[in-house]
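A.B. asks: The structure is given below, and queries will be raised subsequently.
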Amino acid sequence: MNKGVKIFSILVFLLSLGAFYLASQVVMELAGKREEVKNLTQKVSTLEMEKENLTQQVNNLTQTKKRLEGEVANLKTIKARLESKLNAEMRKTTRLTQELSRVKKEKASIEKKLKSIEGEFSILKTRINNLQKERDKYRKLAEEEKKKRERLEKELAFLKGEKPKVGKEEKLVPQIEKGIVGKVLEFQSPGVVAMKFNSAVNLQPGTTLYAFRKGKVVGKLTVKEIYSTLLVVYTEVESLDEKLKKDDILRITRWVPEK
């Protein structure tokens with residue numbers, strides 16, 4: 001009986017020991033699980049924070065994307081506008097290049113004409129100088145002939161016992177050549193003038209004309225030579241206060257006897 005009790009007691013002790021061991025193992029396992037749960041909870045919390053950060057970053061990136069898309073759209077609009085301006089400038093450049101080429105050709109043509117005119121003008125100046133010399137010679141001869149004639153008239157009147165008659169000058173009135181406007185190209189004292197008219201002048205050498213400026217007579221013009229619209233004349237200035245000058249604009253008036 002005592003032996004059986006001892007065995008039972010030993011079994012109870014062993015069972016208690018096993019239960020304690022199992023309990024201790026469960027407690028240890030539970031503690032481990034608790035620690036694991038704590039760690040997992042911390043990880044979850046960390047992941048939640050990371051998730052929030054990532055969500056914020058995604059939102060920021062989304063806003064940045066929208067902003068960049070808007071900027072891209074604006075840049076496309078600006079690009080299209082600049083391309084349009086560039087095309088317009090290119091067309092303008094092409095037009096200006098063509099215009100420049102045309103102007104260069106016209107300039108070359110004008111320079112060629114100018115050289116030709118300068119040559120003609122040089123010849124004309126030479127003729128003017130020659131005419132001036134010829135005019136001076138004939139004026140001197142005319143003065144000598146006039147003195148000679150006056151002397152002979154006086155001698156003849158003296159021989160006849162008469163006083164020399166002084167003829168009354170014929171009264172002249174102006175007859176305006178309408179639409180004819182002249183410009184002095186060159187004026188060389190004592191009175192050889194080169195003039196250019198706005199149209200061909202139908203005059204004959206020897207014709208006497210008058211030049212007016214601001215209603216005043218500035219010169220008595222005797223035509224010497226005619227070259228289309230260029231007129232080379234002898235002049236006799238009526239008023240000492242007026243002198244023909246280069247670039248003078250003159251209206252030509254023909255003086256005819258009063259009816």
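A.B. asks: Would it be correct to say that Val232 is modelled with pLDDT under 70, within 27 Å of Asp248 (Cβ to Cβ) and crowded, with 16+ Cβ neighbours inside 10 Å?
C.D. replies: yes
A.B. asks: From Leu114, Leu131, Leu124, grab the single residue that is farther than 18 Å from Phe187 by Cβ, hydrophobic (A, V, I, L, M, F, W, C) and modelled with pLDDT under 90.
C.D. replies: Only one candidate qualifies: Leu114.
A.B. asks: While we're on this one: Look through Lys148, Lys168 and report the one residue that is at pLDDT 70 or above, exposed (fewer than 12 other Cβ atoms within 10 Å of the Cβ), more than 60 Å from the chain's Cα centre (by Cα) and more than 15 Å from Lys224 (Cβ to Cβ).
C.D. replies: Lys148
A.B. asks: Read through the list (1) among the hydrophobic types (A, V, I, L, M, F, W, C); (2) at pLDDT below 85; (3) surrounded by 11 or more Cβ atoms within 10 Å (Cβ to Cβ), then give the number of the only condition that Leu54 fails.
C.D. replies: Result: Leu54 passes all but (2).
A.B. asks: Return the residue satisfying two criteria in turn: it lies in segment 213-229 and is surrounded by fewer than 16 Cβ atoms within 10 Å (Cβ to Cβ), over 13 Å from Val193 (Cα atoms) and touching a strand residue (DSSP E or B) at 6+ places or on another chain (Cβ under 8 Å), and of such residues it is modelled with the highest pLDDT.
C.D. replies: Among those that are surrounded by fewer than 16 Cβ atoms within 10 Å (Cβ to Cβ), over 13 Å from Val193 (Cα atoms) and touching a strand residue (DSSP E or B) at 6+ places or on another chain (Cβ under 8 Å), it is Arg213.
A.B. asks: Would a scan of segment 171-186 turn up a residue that is assigned to a loop (DSSP other than H, G, I, E, B), modelled with pLDDT under 65, more than 17 Å from Leu244 (Cβ to Cβ) and more than 42 Å from the chain's Cα centre (by Cα)?
C.D. replies: yes
The values are calculated or read from the model by the stated rules, or taken from the named source; none is laboratory data. All values reported here derive from a predicted model rather than from experimental measurement. For neighbour counting, all protein chains shown are included, and Cβ atoms are generated from backbone atoms with ideal geometry for every residue, glycine included.
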